[in-house]
Each structure stands twice: as structure tokens, then as C-alpha cells.
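Throughout, read-outs are computed from the coordinates displayed, never taken from laboratory work. In this text, all values refer to a predicted model and were calculated from it rather than measured experimentally. No Cβ is skipped: glycine too gets one built from the backbone with ideal geometry, and neighbour counts run over all protein chains shown.
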Amino acid sequence: MTRMVHCVVLKSEAPGLDRVPYPGPLGQRIFEQVSREGWARWVKHQVMLINENRLSPIEPKARKFLEAEMEKYFFGPGSERPPDFRPPET
């Protein structure tokens, strides 16, 4: 049976994640309050942040930035796109 959560991203009930997606208390909070779809939206946003800011996820400074943005995305005012971001044309 699928575990359901009230997703803070979707603002509705949706299937939850299968496991804690990130270490520590933030990861546990995400597991309890974010759906699979909500997490997938964050991953897409995170890829954009990494590309637009030319981050290397192995660098501690970049990881700290991404963790702060993740917390804002899920539980704060939201993570904004870089000012010069232009979505790809499809």
C-alpha cells in the first residue's frame, strides 16, 4: 500500500516518498511532508540552480547553498530562479 502524505508543495494528499531523500532532520521532514511529485519538482528546480549558478555538488559551499534553497523551497518562502534565468524554448 502506498504511503500518503499531505504535500507542502502540492497542497494536497499524494503518494509519499519510499525513503528519506536527504540525511538529517531536514530529510526526515521532507519524507513526512513532501510527495513523490513534490520531490520531483524540487529535483528539476535543483538541476536548474546547479546549471545556472555553475555549481559543483561536491563542493561544500555549493552543498550548503543547495540545502538552504531546498529548505526555502519546501518550508520557506520558496527558492527563486536566478535573475538571468531563461527557460529553454520547446
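Restricting things to alpha carbons, find the Rg to Rh ratio for the chain using the Kirkwood radius for Rh. All intermediate terms of the calculation are to be shown ahead of the outcome.
Values: Rg = 13.8 Å, Rh = 13.9 Å.
Result: Rg/Rh = 0.99.
What residue among Ile30, Ile50, Ile58 has the largest mean-square fluctuation in a Gaussian network model of the chain, using Cα springs under 10 Å?
Among Ile30, Ile50, Ile58, the largest mean-square fluctuation in the Gaussian network model of the chain belongs to Ile58.
If we count other beta carbons within 10 Å of each Cβ, what is the order of Met1, Met70, fewest first?
Values: Met1 3, Met70 21.
Placing the least packed residue first, the sequence is Met1, Met70.
Need the list of aspartates and glutamates near Lys64 for cross-linking: C-alpha distance under 19 angstrom, and skip anything on the same chain fewer than eight residues off.
Glu52, Glu80
To the nearest 0.05, what FRET efficiency results for Arg19 and Arg54 with a Förster distance of 30 Å applied to their C-beta separation? Spell out each step's value before the answer.
Numbers: r = 30 Å, r/R0 = 1.00.
Step by step, r from the Cβ atoms, then E = 0.50.
Got the relative contact order for the chain handy, in percent, Cα pairs under 8 Å and 6 or more residues apart? Intermediate values should be presented prior to the final figure.
Numbers: 89 pairs, mean separation 19.6, N = 90.
Answer for the chain is 22 percent.
Excluding residues fewer than 8 places away in the same chain, name every one of the aspartates and glutamates whose C-alpha is closer than 15 Å to that of Lys61.
Output for Lys61: Glu69.
Using 1/(1 + (r/R0)^6) with R0 = 22 angstrom and r between the beta carbons of Arg81 and Val8, what's the FRET efficiency to the nearest 0.05?
That pair, Arg81 with Val8, gives E of 0.70.
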